[in-house]
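These notes are about the structure you will find just below.
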Amino acid sequence: MVLKVSAPGRICLFGEHQDYFGLSVIASAINLRISISGSERDDDYFYIDMPDIEEKDSFPIEKELRYIKERDYIRSTFNILKRRGIKFNKGWDCTIKGNIPINSGTASSSALVVAWTKFLLETVNHNLKDNKLKIAELAHEAEVLEFKEPGGKMDHYTSALGGILYIDFGNEEKIEKLGRELGKFVLADSLERKNTKGTLARIKSGVFESVRIIKERINNFDLKSFALEDANQEIEKLPLRLRKLLKGTMLTRDLTQKARTLFKQEKFDHKKFGLFLIKQQEILRNYLEVSTQKINKMIDSALKAGALGAKINGSGEGGCIFAYAPDKYLEVAEAIKRVGGKPFIISIDNGVRLES
């Protein structure tokens, strides 16, 4: 028996650093993917070859596995499924490859875990193998909860479900497909390594501290629904660092809702979409302070070359940008390349899938 599964990376159109506050995001799967191919063995061992990162692993199937490195997602996914009573009866030879930029904000690790979750379920023909929502939740548990990381579920939902998604991370999570045909984007790796864990921790702790202080002054303050103008007088009294983080979070919250309305309009306004991307970048740069000098230069070059909009993608402080350039993607890619970025021309894609 031979299996091949793949899952996409993602871009966050609107709503960086929102999901772990219970707020909303708009994200999209892209046609850069992680692929896992495998064939059954006659014994009870998994052998994993990861040539892109020059790593290998092997383990038996009969018991939970100990972790041998930080964020050991291959083993954690296996353990999560074992704890749910899933029994593996044969070993597999597996090869994992991909063309998603690594550690660059395009959810390569989440795509890996989503694809691996799907692959493992397929090996035993489990009834969850076609349940994309459950695959996303299991992948989030294996990647984030198992290692007590600060991230949310945006990456896992987007990689599993595919397309363009509006996701509300309130008390009752709501996922809505935004069925729009968008043109091509240029994704570009700055080749600056991110510190995702540190960036998330800085923003998360700062916003929670800001909310705590504001609630002492405004009893009914709520990050999800309270209008920025109604709280601005008290927000302005916060220390500068906290003030910028809270304002940036609330401005992104409001912009994401405006973008959702834009996606629902009968005739989609591509230019306005681009302007919204520029506005999101301004918030990320000026308030959350997750942009860098090189990323700013890449974005400026993309806009001058004809992109309708451009912004950093993911947690920031390094990693990727993307530019929306349906009519000028070749020119934009070349402009970004000239200032030191590594461009990829991308489009919207579907979610995790079993390949034929």
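A protection proxy built from the mean count of other Cβ atoms within 10 Å ranks the segments 240-249, 153-162, most packed first, as 153-162, 240-249. Relative to the longest principal axis of the C-alpha atoms of the chain, give the angle of the C-alpha long axis of helix 329-338, reported between 0 and 90° and rounded to the nearest 10°. Computed tilt is about 90 degrees.
Here the Gaussian network model covers the chain, with springs between Cα atoms less than 10 Å apart; of Ile164, Ile48, Ile11, Ile48 fluctuates the most. Counting Lys and Arg as +1 and Asp and Glu as -1, what is the net charge of the other residues whose Cβ lies under 11 Å from the Cβ of Met50? Net charge around Met50: -3.
Projecting the Cα atoms of Ser6, Phe119, Ile80 onto the charge dipole of the stretch 1-127 (Cβ charges, centred on the Cα centre) puts Ile80 farthest toward the positive pole. Secondary-structure-derived ellipticity at 222 nm for the chain, considering helices only, amounts to -12500 deg cm²/dmol, per-run term -39500 (n - 2.57) for DSSP H runs with n ≥ 4. Taking all Cα pairs closer than 8 Å and separated by 6 or more residues, the relative contact order of the chain comes to 25 percent. The long axis of helix 240-264 is offset from the longest Cα principal axis of the chain by roughly 80 degrees. The share of alpha-carbon pairs in the stretch 139-292 lying farther apart than 20 Å comes to 60%. Kirkwood analysis of the stretch 2-180, using all unique Cα-Cα pairs, places the hydrodynamic radius at 16.4 Å.
The gain in end-to-end length when the Asp42 to Lys69 segment is fully stretched comes to 6.9 nm, 0.36 nm per residue minus the alpha carbon separation. One way to sum up the overall shape of the stretch 111-224 is the equivalent ellipsoid from its Cα gyration tensor, whose semi-axes run 30, 19, 18 Å, largest first.
Restricting the chymotrypsin sites (Phe, Trp or Tyr not before Pro) of the stretch 250-356 to loop positions (DSSP other than H, G, I, E, B) with no more than 16 neighbouring Cβ atoms within 10 Å leaves Phe268.
For the stretch 132-211, the set of GluC sites (Glu not before Pro) satisfying both a DSSP loop assignment and a count of at most 11 other C-beta atoms within 10 Å is given as Glu172, Glu181. For Pro326, neighbours were defined as the other residues whose beta-carbon sits under 11 Å from its Cβ, and their charges (Lys and Arg +1, Asp and Glu -1) total +1. Build a GNM of the chain with springs between Cα atoms under 10 Å: which of Arg75, Arg41, Arg260 gets the top mean-square fluctuation? With Cα springs under 10 Å in the chain, the top fluctuation among Arg75, Arg41, Arg260 is at Arg41. Using a cutoff of 8 angstrom between alpha carbon atoms and counting only pairs six or more residues apart, the relative contact order for the stretch 83-168 works out to 26 percent. Sequence-distant contacts, meaning Cα pairs under 8 Å at least 6 residues apart, place the relative contact order of the stretch 2-180 at 30 percent. For the pair Glu209 and Arg84, label points projected 7 Å from Cα toward Cβ lie 3.8 nm apart. Near Gly340: Cβ cut-off under 11 Å, other residues only, Lys/Arg at +1 and Asp/Glu at -1. The net charge is +3.
Where a number appears in this text, it was derived from the coordinates with a stated rule and is not lab data. Not measured: the values here are computed from a predicted model. As a convention, Cβ positions derive from the backbone with ideal geometry for all residues, glycine included, and neighbour counts pool all protein chains shown.
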